[in-house]
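Okay, structure first, notes after.
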Amino acid sequence: MVGPSSSHTAGACRIGLIARALVGGTPDHALVELHGSFARTGVGHGTDRAIAGGLLGYQPDDERLRESLDAAAAAGLAIEFKNTTLRGDHHPNTTRIHVTRAGRTAVLTGSSLGAGRIMVTAIDGFPVEITGAYTTLVAVAKDVPGIVASVAGALADDAVNLATMRVSRRQRGGDAIHIYELDHAPTDEAMTRIRAMPVMKTVRIIERVS
Amino acid sequence: MYDVLLDAVAAAEAEGISLGELALRTEAATGIRTRAEVEAGLARALHVMQGAVERGLKGDLHSVSGLVGGDAHRLANARGPLANTIFTDALAAALAVQEVNAAMGVIVAAPTAGGAGVLPGTLLGIARRHPVTEEAMVRALATAGLIGAVVAVRASLSGAEGGCQAETGAAAGMAAGAGVELLGGTPRQAMHAVALTMQGTLGLVCDPLGGLVEVPCVYRNATGAAMALAGIEMALAGVEFPIPVDEVIDTMGQIGREMDVRYRETAGGGLAATPTGRRLAKERLVQLKGKKGAGS
């Protein structure tokens, strides 16, 4: 990895990579809120450059991380950094990133846990637990019975093994978020099948980031 | 994956293998990567470590703030009473990696970037005067990984959570176990080396000037390597620490949870809060923000 801090650079870069994956590529705009130690010491540790690098698709060991703020400007990615205090109980190294790309938007909250390990704790207001250690399928769907079975069936037909699975919702009868951590990435056919399910609102794939 | 180091020792003893060999077998048994892939990954990490030491020893690097740089070269070329020993080589190599890190160069987080100098410093310091094969170095790194994974589960590897004892302290523990493996000690000696080393880093606070991974972090990697060498030497001589290693690690976690937030990477206490620490941080951070313009 590129220094100087695994929490502030490697972990931050990985959270940026996940934000990028949620909108399917380099965003046009990003608002990056820095909480706790990220806010207090982020600039000296290069957290701003690491998150920008992740949004650009750089890996934690990419030497271009050092110059990523300039590269972002050149790539048409407008990034705004803001210090904040997030409500509730958060790890000291936490960021909330709002990204937009060609009309697609996403908001994620992620924490850098040390040694470059991360945990994404919210996506678009839904509570989640994503470590980035697996290829992760993130689907938002209408909260009706049988969806887990349909998605799991499509993945099983594709011979993709599920490592972990979690479904949560903000309210009964609203939308539910499905998080499937997978041992390897599904084929395009399986993704097309899942996307074609009438109850699906959005289906996104996050490649593993560690 | 083990979450009790003494279980790992028992398993290695039952099989009649070293901890590094156990770590490699355990990792391959998860099925995520083959044994060859695991070994290749560790060999790649070793080469990055060697590259960082070489780069840092040249002595021409300056950190982002300009506060540190050149000390690895200074130490490697000194003619003090401890010159030309594993001890001094290890300190110089640890400083070298941290100077590269502070300049945003490529290093191996081991377990973190802030503590990245301790493990390569200790192992490459030993290897310089005690010829070892690359295979032995790979097994030593696997040993370090096994120890670090246990510390991550039982305590913490984050200065923001547990202070510097969770970063250079954990790194020193990993380096101590790995060093015993490299020098042919037994799994039990490796575990005593971890305990003997980490008892010496308990309570160590994370107090970087201005929140930058520079002062005291760079120097603390050198003293971390010194602590690891102390643990290795004692354990290989047959010294046994009375508190079991897993309980020492738990103690580190407990102290971290009870540590005031000022001592957990926030630059609110310790050396960061001294008059000079505050003055230097202010001068350098004003400079940095002028250069980069990000953050607020």
- Task: Give the residue from A:GLY57, A:ILE130, A:THR84 lying farthest towards the positive end of the charge dipole for chain A; charges sit on Cβ (+1 for Lys and Arg, -1 for Asp and Glu) and the dipole is referred to the Cα centre.
- Result: A:THR84
- Query: What Cys residues in chain B are without a partner cysteine, judged by a Cβ distance under 4.7 Å?
  - Reply: B:CYS217
- Note on the structure: Percent relative contact order for chain B, counting Cα pairs under 8 Å at least six residues apart, stands at 20
- Message: Counting other beta carbons within 10 Å of each residue's own, what order do A:HIS29, A:HIS178 fall into, fewest first?
- Response: A:HIS29, A:HIS178
- Out of residues 5 or more away from A:MET165 or on other chains, whose amide H comes under 5 Å of its own, with H placed 1.01 Å from N in the peptide plane? A:GLU181
- Hey, what number do you get for chain B at 222 nm if only DSSP H runs of n ≥ 4 count, each worth -39500 (n - 2.57), divided across all residues, to the nearest 500? -20000 deg cm²/dmol
- Query: ³J(HN,Hα) across region A:194-209 via Karplus (A = 6.51, B = -1.76, C = 1.60, θ = phi - 60°), whole Hz, x for Gly/Pro?
  - Reply: 5, 4, 7, 5, x, 7, 6, 9, 9, 9, 10, 10, 10, 5, 5, 10
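How crowded by other chains is A:104-116, given as the mean number of beta carbons from other chains within 10 Å of each beta carbon? Before the final figure, lay out each step's value.
Working: counts 0, 0, 0, 0, 0, 0, 0, 2, 2, 6, 15, 17, 5.
Per residue, the average neighbour count from other chains is 4.
So if I place +1 on the C-beta of Lys and Arg and -1 on the C-beta of Asp and Glu, and nothing else carries charge, what would the dipole magnitude of chain B be about its Cα centre? I want it in debye, nearest 20.
Dipole magnitude for chain B comes out near 1300 debye.
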- Computed magnitude of the charge dipole of region A:35-193 (debye, nearest 20; Cβ of K, R +1, Cβ of D, E -1): 700
- Pop out the ³J(HN,Hα) list for region B:115-123 in order, Karplus 6.51 cos²θ - 1.76 cosθ + 1.60 with θ = phi - 60°, rounded to Hz; leave Gly and Pro as x. x, 6, x, 5, 5, x, x, 5, 5
- Item | 10 Å beta-carbon shell around A:PRO27, net charge (K/R +1, D/E -1) | +2
- Task: Work through the residues other than A:SER6 whose Cβ is under 14 Å from its Cβ and net out their charges, Lys, Arg +1 and Asp, Glu -1.
- Result: -2
- Note on the structure: For region B:34-44, in residue order, the Karplus 3J(HN,Hα) values (coefficients 6.51, -1.76, 1.60; θ = phi - 60°; whole Hz; Gly and Pro = x) are 6, 4, 4, 5, 4, 5, 5, x, 5, 5, 5
- Task: Using only alpha carbon pairs under 8 Å that are at least six residues apart, calculate the relative contact order of region A:31-89 and give it in whole percent.
- Result: 50
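Dipole size in debye (nearest 20) for region A:135-206 around its Cα centre, Lys and Arg Cβ +1, Asp and Glu Cβ -1?
That gives a dipole near 480 debye.
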- Task: Taking H placed 1.01 Å from N in the peptide plane, check which residues at least 5 places from A:THR135 or on another chain put their amide H under 5 Å from its amide H.
- Result: A:LEU182, A:ARG208
- Note on the structure: Per-residue average of other protein chain Cβ atoms inside 10 Å, peptide B:154-162 -> 6
- Helix B:5-15: inclination vs chain B longest Cα principal axis, degrees, rounded to 10, gives 30
- Message: Given an 8 Å cut-off on Cα distances and at least 6 residues of separation, report the relative contact order of chain A as a percent.
- Response: 22
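In what order do B:LEU157, B:LEU22, B:LEU182 fall by count of nearby beta-carbon atoms within 10 Å, going from fewest to most?
Fewest-to-most ranking of B:LEU157, B:LEU22, B:LEU182: B:LEU22, B:LEU182, B:LEU157.
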- Message: Apply the a/c threshold of 1.5 to the C-alpha gyration tensor of the protein assembly as shown and tell me whether it is rounded, prolate or oblate.
- Response: oblate
- Item | Å³ per residue enclosed by the Cα convex hull of region A:6-124 | 83
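Tell me the net charge near A:ARG166. Cut-off is 9 Å between Cβ atoms, A:ARG166 excluded, with +1 for each Lys or Arg and -1 for each Asp or Glu.
-2
Where a number appears in this text, it was derived from the coordinates with a stated rule and is not lab data. The structure presented is a predicted model; accordingly, all values stated were derived computationally and were not measured. A quick note on method: Cβ atoms are made from the backbone with ideal geometry, for glycine too, and the neighbour counts reach across all protein chains shown.
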